[in-house]
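The values are calculated or read from the model by the stated rules, or taken from the named source; none is laboratory data. Every value quoted in this text rests on a predicted model; they were computed, and no experiment measured them. Every residue, glycine among them, receives a Cβ derived from its backbone with ideal geometry; neighbour counts consider all protein chains shown. Please note that ligands, DNA and RNA were not included when accessible areas were found on the heavy atoms of the full protein model with its side chains. Shrake-Rupley method; radii C 1.70, N 1.55, O 1.52, S 1.80 Å.
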Amino acid sequence: MATKYHNLSDYDSTSMPDASAMRVGIVVAEWNIDITSRLLEGACSTLVKNGVLSENILQRWVPGSFELVYGAKLLVEKTDVDAIIVLGCVIRGETPHFEYICSGVSQGITNLNIKYNIPIILGLLTDNTKQQSIDRAGGIHGNKGDEAAITAIKMIALNKQFSL
């Protein structure tokens, strides 16, 4: 397990780019809201801690993880954010539904990253059990929302380097 020995919220804050002028959109799935709300809290807290103004964080909710792709597409096309974070949680069940949703969201976000000129960060938990999701949403493995926020800041900075 990749996160067994690594807390997702650990990062070197001294290596972070200046985020004070950044605007970030976050699309969050309502499904498994007890988990996704924790991911959102982590992402927002980390963005603000690294200089993003709270008024420059645009949050939108969608019904489930599959809808994250369309929600992200709307933010790309209808707002002026510098990056988008998608946050969701899919927990394996007894049917192949898990594989279809996880694959569809991953491929959809990949396609959006190829099509548009802003980074779209995948913050989708794909766990076997609810406990694994809890552990990655503010539990013993940190918060995947933190990781997504750090990634967004770094990718915005990279994008701006090539936009000069």
> On average, how much area does the Cα convex hull of segment 94-164 cover when viewed from any direction, in nm²?
Replying inline: 5.4 nm²
> Counting only protein heavy atoms and using a 1.4 Å probe, what share of the accessible area of the chain belongs to carbon plus sulfur, as a whole percent?
Replying inline: 55 percent
> Between Lys49 and Arg92, what is the FRET efficiency for a Förster distance of 45 Å, r being their Cβ-Cβ separation, to the nearest 0.05?
Replying inline: 0.90
>> Just to confirm my numbers, what's the Cα centroid distance between segment 13-71 and segment 105-164 in Å?
In response: 10 Å
> Using a simple spin-label model with points 7 Å from Cα along the Cα→Cβ vector, what separation in nm is obtained for Leu158 and Leu74?
Replying inline: 2.8 nm
>> Please list, ordered by chain and number, the residues whose modelled amide H lies under 5 Å from the amide H of Ile121; skip anything fewer than 5 residues away on the same chain.
In response: Ile84, Ile85, Val86
> Which lysines does Lys160 reach when only Cα atoms under 21 Å apart count, and residues fewer than 8 places away in its own chain are ignored?
Replying inline: Lys49, Lys73, Lys78, Lys115
>> Would you work out the Kirkwood radius for the chain? I mean one over the mean of 1/r across all pairs of different Cα atoms, in Å.
In response: 15.7 Å
>> Given a 1.4 angstrom probe, what's the average accessible area per residue across segment 12-164, in square angstrom?
In response: 49 Å²
>> For a quick check: with amide H placed at 1.01 Å from N, whose amide H comes under 5 Å from Val62's, ignoring anything fewer than 5 positions away on the same chain?
In response: Val28, Ala29, Glu30
>> If the only charges are +1 at each Lys and Arg Cβ and -1 at each Asp and Glu Cβ, what is the size of the charge dipole of the chain around the Cα centre, to the nearest 20 debye?
In response: 200 debye
> Expressed as cubic angstrom per residue, what is the convex hull volume of the alpha carbon set of segment 10-69?
Replying inline: 92 Å³
> For Ser103 and Arg60, FRET efficiency with R0 = 25 Å and r from the beta-carbon atoms, rounded to 0.05?
Replying inline: 0.60
> So what is the 222 nm mean residue ellipticity for the chain from helices alone, if each DSSP H run of at least 4 adds -39500 (n - 2.57) and you divide by all residues, rounding to the nearest 500 deg cm²/dmol?
Replying inline: -14500 deg cm²/dmol
> Out of Gln107, Gly142, Ser65, whose Cα points farthest toward the positive end of the dipole of the chain (charges: +1 Lys, Arg; -1 Asp, Glu; placed on Cβ)?
Replying inline: Gln107
>> Taking every DSSP beta bridge with both residues inside the chain, roughly what % is antiparallel (nearest 5)?
In response: 10 percent
